[in-house]
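Written out below as C-alpha cells is the structure these notes cover.
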Amino acid sequence: MPIWLQTALLLAASNVFMTFAWYGHLKNLATSPWYIAALISWGIALFEYLLQVPANRIGAQELNLAQLKIMQEAITLAVFVPFAILYMQQPLKLDYLWAALCILGAVYFIFRA
C-alpha cells in the first residue's frame, strides 16, 4: 500500500477520535462538569494520538511537513462535516462547500510539483 494512502487512512481514523474528543462532549456530557468532559475527552484523544503519531511518522518518509499538515486539514474537514450533520444534527450549510474548495486549493498548491 502506498505511503500516502497508509498515512491518509491512519489520519482519517485518528480524526474520528479527535472529532469525538473535541466535540462529542457537547452532546453527550452537556450536563456533566467540564472536568469530567475533559477527562473523558483526554481518554478518547489517547486513541487519536495512537493513530496520528504513526501516521505522521509513516507519511514523513515521503511527504514534507507542509504536505502532512494540509493532508490532515483536508481529512479533518472530510470527517467533521458528516460528524456535524449526522451526529450533532447540525444543518448542512453551503459554507462547508466553500471551506472544502479552499482546502482543495491548499491541497493543490502544497502537492503540485
Going highest first, how would you order 1-8, 17-24 by mean Cβ packing within 10 Å?
17-24, 1-8
Using a 10 angstrom cutoff on alpha carbons, build the Gaussian network for the chain and name the most mobile of 90, 52, 72.
90
Top mean-square fluctuation among 103, 44, 36, Gaussian network model of the chain, C-alpha springs under 10 Å?
36
Taking 22 Å as R0, compute the FRET efficiency from the Cβ-Cβ separation of residue 93 and residue 1 and round it to 0.05.
0.05
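Hey, what number do you get for the chain at 222 nm if only DSSP H runs of n ≥ 4 count, each worth -39500 (n - 2.57), divided across all residues, to the nearest 500? Don't jump to the answer; show the numbers that get you there.
On the way: 5 runs with 83 residues, N = 113.
Result for the chain: -24500 deg cm²/dmol, rounded to the nearest 500.
Where a number appears in this text, it was derived from the coordinates with a stated rule and is not lab data. Nothing here was measured: the structure is a model prediction, and the numbers come from that model. Using ideal geometry, Cβ is built from the backbone for each residue, glycine included, and neighbour counts are taken over all protein chains shown.
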